[in-house]
1. Would you mind finding the one in Arg129, Arg107, Arg158 that is in contact with a Phe, Trp or Tyr (Cβ under 8 Å, 6 or more places away or on another chain) and of a type outside the set (Phe, Trp, Tyr)?
2. Return yes or no: is Pro190 in contact with a helix residue (DSSP H, G or I) (Cβ under 6 Å, 6 or more places away or on another chain), under 30 Å from Leu30 (Cβ atoms), at pLDDT below 95 and not in a loop (DSSP other than H, G, I, E, B)?
3. Yes or no: Arg129 within 24 Å of Arg211 (Cβ to Cβ) and under 16 Å from the mean Cα position of the chain (by Cα)?
4. Considering only region 1-37, state which residues are at pLDDT below 90 and of a type in the set (A, V, I, L, M).
5. Would you mention how many residues in region 51-71 are surrounded by fewer than 14 Cβ atoms within 10 Å (Cβ to Cβ) and part of a helix (DSSP H, G or I)?
6. Kindly indicate whether Gly312 is at positive phi, surrounded by fewer than 18 Cβ atoms within 10 Å (Cβ to Cβ) and at pLDDT below 90.
7. Which strands (runs of 3 or more DSSP E) does region 93-162 wholly contain that include 3 or more residues that are of a type outside the set (A, V, I, L, M, F, W, C)?
8. Which is under 11 Å from the mean Cα position of the chain (by Cα), closer than 17 Å to Leu277 by Cα and not aliphatic (A, V, I, L, M), of Arg158, Arg199?
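The values are calculated or read from the model by the stated rules, or taken from the named source; none is laboratory data. It should be emphasised that the depicted structure is a prediction, and the values quoted were computed from it without experimental measurement. A quick note on method: Cβ atoms are made from the backbone with ideal geometry, for glycine too, and the neighbour counts reach across all protein chains shown.
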Amino acid sequence: MGVQLKIRPRKIPTLRPQDYRGEAEESAFLQGIVIPTVIFVLPALVFVGLKKYNLLLGWVGWLVLSFILVALVIGQQRRRLIRQGLKIKVMPTNFPEIREVLQRFVRPLGLKEPEAYVVEEDSLELRTRGLRRPFFMVIPQRLRDLLSETEFQALLAREIGHVHARHVPLRSLALTLQTGNPILRLLGFPLFLYAFFLRPWLEAIETTADRLALLLIRDHKVISAALLKLAVGNDPTSSVEVAEIDEFISKGGMEVRAEDVDAHYRMGVLRQKHEDLFARLYDLSTFESSQEARKSLQTILEAERLQSPASG
């Protein structure tokens, strides 16, 4: 009687958000949650102490209704995209190159790709929204025209970073309220308090997204070029040309030659206007050589290897 051997497939390693999370993110999150909670809870305690239970019910109900209102606004954003038809949706027959990139990024992370739509609009904002999965990603065609293919992929990788790090629901709530009209802010005031105090967190999570993009793209210069070109594209007063960004990146800051002096000055002005961005780029180059990044990259590479057809 023959002996049957069962060969168990190797478990695919999983990258965790804490493996690459930016150092400032957790404290910024706690600050953004605790302060408005205290502001909101204190009146509730006063109502309880005064036995004004109708006021307490109304106070809590306002918070619940605020959430429902913002959820409806975000849902309307998705429905607006769906109404434009399948011609803008990323599918195997529509924008297959974008779908292939998204699948390549999410596969080793154990994620499902978000719904993605390519739209014609003046904005350059590549964004992922939604309160629950599947989230939806809005890709401006104008952004694709501005960047090279690898730079565009770097920004896609950043959005996958927000998905993997579980930023999207809270980020969607906060940004919807921050960018909404005054009526939305007034009706959703209890949640707007959270959105207001979460501003440092919204800045901190960009570093986390940058880091995951680096683990997926593996070239911090490509990510730096994409982010700098995006900053220039969003600033109509900038005197820096997109081509100068490529030269700046390729030379590691440009050599000090006579013909580079003017470009140096304009890049210096750009740096002063976007200090936070340049701080993120410095963090990215530092993170690239860290032990944390090497371990995280090894996890992704091992997941990619085990998921490849050759490994089966």
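1. When all the criteria are applied, what remains is Arg129.
2. yes
3. The answer is yes for Arg129.
4. If the condition is that a residue be at pLDDT below 90 and of a type in the set (A, V, I, L, M), then Met1, Val3, Leu5, Ile7, Ile12 are the ones that fit.
5. 7
6. no
7. The strands (runs of 3 or more DSSP E) meeting that bar are 127-129.
8. Arg158
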